[in-house]
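The values are calculated or read from the model by the stated rules, or taken from the named source; none is laboratory data. Just so we're clear, the structure is a prediction, and the values are computed from it rather than from any experiment. Glycine gets a Cβ as well: all are built from the backbone with ideal geometry, and neighbour counts include every protein chain shown.
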Amino acid sequence: MNIMIGMGHPKHVYIFKKFIHNVEEKGHKVKIVLIPRDITRYLLKKFNLPYEVVGENPPEPYKRFLLFPKWDYNTLKYAIRFKPDIFMGPSGPNLAHVSAILHKPFIVLEDTEVATFLHRFNMPFTDVIITPNCFRKDFGKKHVRFNSYFELAYLHPNYFTPNPSVLNDLGLSKNDKFIILRFSEFRAMHDIGHSDIDIKSKYQIINKLKKYGQIFISSESPLPERLEKMKLKAPPEKMHDILYYATMLFGVTGTMASEAGILGTPSIRCTTHVGPNDCGNFIELEKKYGLIYSFKYPNMALKKAIELLEDDKLKNKWLKKSRKLIEDKIDVTEFMEKFVESYLNSDKKKT
């Protein structure tokens, strides 16, 4: 079986990393086609996952839209050579269109309800849309739900064991408290009209939280000179170890908020995406498991963060909640392997 996998966001590398290893051990072949963003190339090289770049990923969404034909053409070129039996990936237009041209199935992995722009372009060409149970949209007969989150394709205890040596990289001991602040450029299509926390609020957050532990800042955009000394300098592939040992994550991005909560670290998510149309995974992680808190306004998020940090037993409480979540949820990598193999052996695939 030949599997063509599309990637863009660093999270996609982690979702597919173990899956690729497992299916290749079974004799299947995998080809990764990449529209790079942030540290995606770095991670693929670090994990020894060969890839082909099929297009640029400029920060302006309208420029990305204009590049859709180029992405399609380059993906088609590699697909003709590779002869995939199946396409997999996030809801990217290039895989959707090329799979339709070649009459091969496309399995989409989706957990972002607000990505409606891409859904309009991609979903008519897909065969299966796999989402967590808590996903709030319904894609009809194509829709397959599973009882977990995509983050548990790589953070499940079957695959992830925290490495305490990361504390040495940060100049910390196991008893030191530290807080990760995460800021973003908001470059995704679904981020149009949304923005990062304003600089005045950032300084206020830092000044209030630094009394509870050392501050490390992870930021997609350049930091002001006075904040540069707080920049997180550890290798990117160690981020999940860092999140596990952190006292708290305070940030605007959804992926790291989910990851921190799942790992048992209190997570404060502050973004204008919060509201009645928020994504189901964030709602479930807050309402059912109490692992993250989401706020639209920085002052409300900061107030909650301080309230939590005043609790000396905070981390132990979150680790207990995390264990409950893990007990409830399935191993996503195992699920993906079984699903893909059974799908190709079924009569549902394109012919």
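Among the residues of the range 58-90, those identified as modelled with pLDDT of 95 or more and either in a loop (DSSP other than H, G, I, E, B) or not assigned by TED's automatic domain parsing to the domain that holds Ile15 (or both) are Lys83, Pro84, Asp85.
Could you go through the range 94-103 and let me know if any residue there is of a type in the set (S, T, N, Q), at pLDDT 95 or above and under 20 Å from His12 (Cα atoms). Don't jump to the end; show me each part of the working.
Of the range 94-103, the ones of a type in the set (S, T, N, Q) are 94, 99.
Now restrict to residues that are at pLDDT 95 or above: 99.
Filter once more, so that each one left must be under 20 Å from His12 (Cα atoms): 99.
Yes, some residue in the range 94-103 is of a type in the set (S, T, N, Q), at pLDDT 95 or above and under 20 Å from His12 (Cα atoms).
Residues that are within 18 Å of the chain's Cα centre (by Cα) and among the hydroxyl-bearing types (Ser, Thr, Tyr) within the range 222-253 comprise Tyr244, Thr253, listed in sequence order.
Residues in the range 89-112 that are under 19 Å from Phe282 (Cα atoms), touching a residue at least 60 places away in the same chain (Cβ under 8 Å) and touching a strand residue (DSSP E or B) at 6+ places or on another chain (Cβ under 9 Å): 3 in all.
Taking the conditions (1) within 27 Å of Asn277 (Cα to Cα); (2) out of contact with any Phe, Trp or Tyr (no Cβ under 7 Å at 6 or more places or on another chain); (3) modelled with pLDDT of 95 or more in turn, His156 satisfies each one other than (1). Out of all the residues in the range 266-299, which are acidic (Asp, Glu) and modelled with pLDDT of 95 or more? Across the range 266-299, the qualifying residues are Glu284, Glu286.
For the range 1-54, give me every one of the strands (runs of 3 or more DSSP E) that falls completely inside it and has 2 or more residues that are outside the structural domain of Tyr149 (by TED's automatic domain parsing) and at pLDDT below 95.
Values: elements: 2-7, 29-34, 51-53.
By residue number, no strands (runs of 3 or more DSSP E) qualify.
Among the residues of the range 167-198, those identified as part of a loop (DSSP other than H, G, I, E, B) and either hydrophobic (A, V, I, L, M, F, W, C) or at pLDDT 85 or above (or both) are Leu170, Gly171, Leu172, Ser173, Lys174, Asn175, Asp176, Lys177, Phe186, Ala188, Ile192, Ile197. Taken together, Leu302, Leu263 contain a single residue that is under 15 Å from Ile205 (Cβ atoms) and at pLDDT 95 or above, which is Leu302.
Scanning the range 333-340 finds no residues that are assigned to a helix (DSSP H, G or I) and under 30 Å from Asn175 (Cα atoms).
Screening Asp176 on (1) more than 22 Å from Val252 (Cβ to Cβ); (2) outside the structural domain of Ser201 (by TED's automatic domain parsing) shows it passes everything except condition (2).
Checking each residue in the range 259-307 for being within 23 Å of Asn175 (Cβ to Cβ) and either surrounded by fewer than 17 Cβ atoms within 10 Å (Cβ to Cβ) or of a type in the set (Phe, Trp, Tyr) (or both) picks out Ile306, Glu307.
If the requirement is being touching a residue at least 24 places away in the same chain (Cβ under 8 Å), farther than 21 Å from Ile268 by Cβ and buried (at least 19 other Cβ atoms within 10 Å of the Cβ), which of these qualifies: Asn122, Asn163, Asn158, Asn147?
On the way: Asn163 fails: buried (at least 19 other Cβ atoms within 10 Å of the Cβ); Asn158 fails: buried (at least 19 other Cβ atoms within 10 Å of the Cβ); Asn147 fails: buried (at least 19 other Cβ atoms within 10 Å of the Cβ).
Only one candidate passes the filter, namely Asn122.
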